[in-house]
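Chemist: Questions regarding the structure given below will be posed in turn.
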Amino acid sequence: MAKGTEGLIRAYDRRVRDVTSVIPSSPGSSTACGKVGDGNLTAFYCPESRSIHISDKTLQAVGSTYGPEGVAVMVAHEYAHARQHAVQGFTRNVIWSSVIDEVQADCVAGVYMKTATPMPISDKMVETAASFLENIGDYLPLEKDWHGTPQMRKTAFLHGYREGALSSCVASDDTNINKVIQKSSDALQNQFDNPQSELNRLLRWGNNVLNN
Ligand SMILES: [Zn+2]
């Protein structure tokens, strides 16, 4: 399943075709980003070596709980990080938190699942994929590696899936966060201030944070 998803994403997105895939990775094996962990949720993109690592144990754990949709969305999320790296860099290097990178990766994963998949995906499958992200969301807004609340993660994924366009995640070649920042800091501020902006449609900061 993981390999099939990778093939589809690579065919769809030329910006990630150079990524080295190490799926499955053995727990304890070395990477440019440290050793592969031994947990049930060991999946990461390593910018230093432009490689994706998902452990065997993780593939099995996610597969047995969420089925192929869970594995697919996990793989798609890591490829989304590879796309961010190629197109715009990581906002976690600019602001205090990784949350924009993470929520945006969920959105891009939604786009991948909608547009890179040649066959229609049933509502049930979309719901299962979304519930995987929802269940691994967390409530750690003060932590630097916050991944977003369950609601934020699910909302972002479904937003990307519904829109089916990388621009709707502010992650396309023409419309991405780096371009917004480059245009001017005012443009970035406007994106944050305007509830209808793509960035806010993606993040839904206030709503989700206050509701939790
Ligand atoms: Zn991530």
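Chemist: Could you put C107, C33 in order of accessible surface area, largest first, with the 1.4 Å probe and the full protein assembly present?
Modeler: C33, C107
Chemist: What distance in nm separates the simple spin-label points at V94 and N194, each placed 7 Å from Cα in the Cβ direction?
Modeler: Result for the modelled spin labels: 1.7 nm.
Chemist: Quick check on the chain: helices-only [θ] at 222 nm, where DSSP H runs of length 4 and up contribute -39,500 (n - 2.57) each and the sum goes over total residues. Nearest 500, please.
Modeler: -17500 deg cm²/dmol
Chemist: Another question, if that's okay. Counting heavy atoms of the protein chains only and a 1.4 Å probe, report the per residue accessible area for the chain as a whole number of Å².
Modeler: With all protein chains present, the chain gives 46 Å² per residue.
Chemist: In Å³ and rounded to a whole number, note down the convex hull volume per residue for the Cα atoms of the chain.
Modeler: Hull volume over Cα atoms, normalised by residue count, gives 114 Å³.
Chemist: I've got another one for you. Using a Förster radius of 41 Å, what is the FRET efficiency between A165 and S29 based on their Cβ-Cβ separation? Nearest 0.05, please.
Modeler: E(calc), rounded to 0.05, equals 0.65.
Chemist: Between D138 and S122, what length in nm is gained on full extension when 0.36 nm per residue of separation is reduced by their alpha carbon distance?
Modeler: Value of the extension gain: 3.1 nm.
Chemist: Within region 5-102, report the chymotrypsin sites (Phe, Trp or Tyr not before Pro) that DSSP leaves as loop and that have at most 13 other Cβ atoms within 10 Å.
Modeler: Passing both the DSSP loop test and the Cβ count: W96.
Chemist: Under a crude label model (7 Å from the Cα following the beta-carbon direction), how far is K179 from M1 in nanometres?
Modeler: Inter-label distance under the simple model: 3.5 nm.
Chemist: Please tell me the relative contact order of region 1-142 in percent, rounded to the nearest whole number, where contacts are Cα pairs under 8 Å and at least six residues apart.
Modeler: 23 percent.
The values are calculated or read from the model by the stated rules, or taken from the named source; none is laboratory data. Please read these numbers as outputs of a predicted model, since none were measured by experiment. When we count neighbours, we look across all protein chains shown, and the Cβ atoms used for this are built from the backbone with ideal geometry, even at glycine. Side chains included, ligands, DNA and RNA excluded: accessible areas come from the protein's heavy atoms. Shrake-Rupley method; radii C 1.70, N 1.55, O 1.52, S 1.80 Å.
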